[in-house]
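Engineer: Okay, here's the structure, questions in a sec.
The values are calculated or read from the model by the stated rules, or taken from the named source; none is laboratory data. Since the structure is predicted, the reported quantities are computational estimates derived from the model, not experimental observations. Every residue, glycine as well, gets a Cβ built from its backbone with ideal geometry; the counts of neighbours run over all protein chains shown.
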Amino acid sequence: MRKYPIGLQDFKDNWNWGTKNPVIHIRFSQMSYQHLGLEEAINRELDRLAGELGYKLLENNIKSKLTELIRKASIKGKVELKN
(Lines give C-alpha, C1' and ligand atoms only; values in the text may rest on other atoms or scores of the structure.)
Protein backbone atom coordinates (compact mmCIF):
# COMPACT_ATOMS: atom_id res chain seq x y z
CA MET A 1 0.00 0.00 0.00
CA ARG A 2 1.26 3.48 -0.92
CA LYS A 3 2.06 5.95 1.81
CA TYR A 4 1.59 8.99 -0.49
CA PRO A 5 -0.61 9.65 -3.54
CA ILE A 6 0.93 9.08 -6.98
CA GLY A 7 3.45 11.81 -7.74
CA LEU A 8 3.65 13.15 -4.19
CA GLN A 9 6.37 10.67 -3.21
CA ASP A 10 8.51 11.84 -6.14
CA PHE A 11 7.93 15.45 -5.08
CA LYS A 12 8.80 14.64 -1.46
CA ASP A 13 11.95 12.74 -2.44
CA ASN A 14 13.20 15.36 -4.92
CA TRP A 15 12.42 18.57 -3.05
CA ASN A 16 15.40 20.41 -1.59
CA TRP A 17 14.08 21.02 1.92
CA GLY A 18 17.18 23.04 2.85
CA THR A 19 16.47 25.76 0.26
CA LYS A 20 14.34 28.71 1.34
CA ASN A 21 12.20 30.15 -1.44
CA PRO A 22 10.39 33.49 -1.38
CA VAL A 23 6.68 33.33 -0.56
CA ILE A 24 4.28 36.02 -1.69
CA HIS A 25 1.36 35.75 0.71
CA ILE A 26 -1.35 38.18 -0.33
CA ARG A 27 -3.58 38.62 2.72
CA PHE A 28 -6.86 39.86 1.26
CA SER A 29 -8.66 39.38 4.57
CA GLN A 30 -6.32 41.86 6.27
CA MET A 31 -6.58 44.63 3.67
CA SER A 32 -8.44 47.82 4.58
CA TYR A 33 -10.31 47.87 1.28
CA GLN A 34 -13.49 49.24 2.90
CA HIS A 35 -11.69 52.53 3.62
CA LEU A 36 -9.13 52.64 0.83
CA GLY A 37 -10.96 50.93 -2.01
CA LEU A 38 -9.87 47.53 -3.33
CA GLU A 39 -7.41 48.81 -5.92
CA GLU A 40 -5.51 51.02 -3.47
CA ALA A 41 -5.52 48.29 -0.81
CA ILE A 42 -4.00 45.77 -3.25
CA ASN A 43 -1.42 48.33 -4.41
CA ARG A 44 -0.36 48.96 -0.81
CA GLU A 45 -0.22 45.22 -0.05
CA LEU A 46 2.04 44.60 -3.06
CA ASP A 47 4.31 47.47 -1.98
CA ARG A 48 4.41 46.05 1.57
CA LEU A 49 5.29 42.57 0.31
CA ALA A 50 8.03 43.97 -1.93
CA GLY A 51 9.47 45.85 1.04
CA GLU A 52 9.54 42.68 3.13
CA LEU A 53 11.60 41.02 0.39
CA GLY A 54 13.89 44.06 0.14
CA TYR A 55 12.52 45.51 -3.11
CA LYS A 56 10.84 48.72 -4.21
CA LEU A 57 8.29 48.34 -6.99
CA LEU A 58 8.52 50.80 -9.88
CA GLU A 59 5.31 49.87 -11.70
CA ASN A 60 2.03 51.70 -11.10
CA ASN A 61 -0.80 49.27 -11.83
CA ILE A 62 -1.67 46.06 -10.01
CA LYS A 63 -0.96 43.66 -12.88
CA SER A 64 2.44 45.19 -13.58
CA LYS A 65 3.32 45.43 -9.86
CA LEU A 66 2.50 41.76 -9.29
CA THR A 67 4.53 40.76 -12.36
CA GLU A 68 7.45 42.88 -11.17
CA LEU A 69 7.24 41.47 -7.64
CA ILE A 70 7.25 37.87 -8.89
CA ARG A 71 10.12 38.59 -11.29
CA LYS A 72 12.24 40.24 -8.57
CA ALA A 73 11.43 37.61 -5.95
CA SER A 74 12.28 34.80 -8.38
CA ILE A 75 15.90 35.95 -8.34
CA LYS A 76 16.05 34.50 -4.82
CA GLY A 77 14.46 31.18 -5.86
CA LYS A 78 11.20 29.64 -6.93
CA VAL A 79 8.27 31.82 -5.89
CA GLU A 80 5.24 30.46 -4.06
CA LEU A 81 2.02 32.45 -4.17
CA LYS A 82 -0.51 32.18 -1.35
CA ASN A 83 -3.77 33.93 -0.65
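Engineer: Please list, ordered by first then second residue, the pairs with beta carbon atoms under 9 Å, 6 or more apart or interchain, first in segment 47-69 and free of Cβ contacts under 8 Å to residues at least 60 places away in the same chain, second in a loop (DSSP other than H, G, I, E, B) and among the β-branched types (Val, Ile, Thr).
Structural biologist: These pairs meet every condition: LEU49/ILE26; LEU66/ILE26; LEU69/VAL79.
Engineer: Surrounded by fewer than 13 Cβ atoms within 10 Å (Cβ to Cβ), modelled with pLDDT of 90 or more and assigned to a loop (DSSP other than H, G, I, E, B): is that true of GLY18 in this structure?
Structural biologist: Spelling it out, it is not the case that GLY18 is surrounded by fewer than 13 Cβ atoms within 10 Å (Cβ to Cβ), modelled with pLDDT of 90 or more and assigned to a loop (DSSP other than H, G, I, E, B).
Engineer: Considering only residues of segment 44-76 that are part of a helix (DSSP H, G or I) and among the basic types (Lys, Arg), which is surrounded by the fewest Cβ atoms within 10 Å (Cβ to Cβ)?
Structural biologist: LYS63
Engineer: Return the pair list, or none, for Cβ contacts closer than 6 Å from residues in segment 20-33 that are within 15 Å of GLY54 (Cα to Cα) to residues that are of a type in the set (A, V, I, L, M) and exposed (fewer than 11 other Cβ atoms within 10 Å of the Cβ), at least 6 apart or on different chains.
Structural biologist: Once the first residue is within 15 Å of GLY54 (Cα to Cα) and sits in segment 20-33, no partner that is of a type in the set (A, V, I, L, M) and exposed (fewer than 11 other Cβ atoms within 10 Å of the Cβ) comes close enough.
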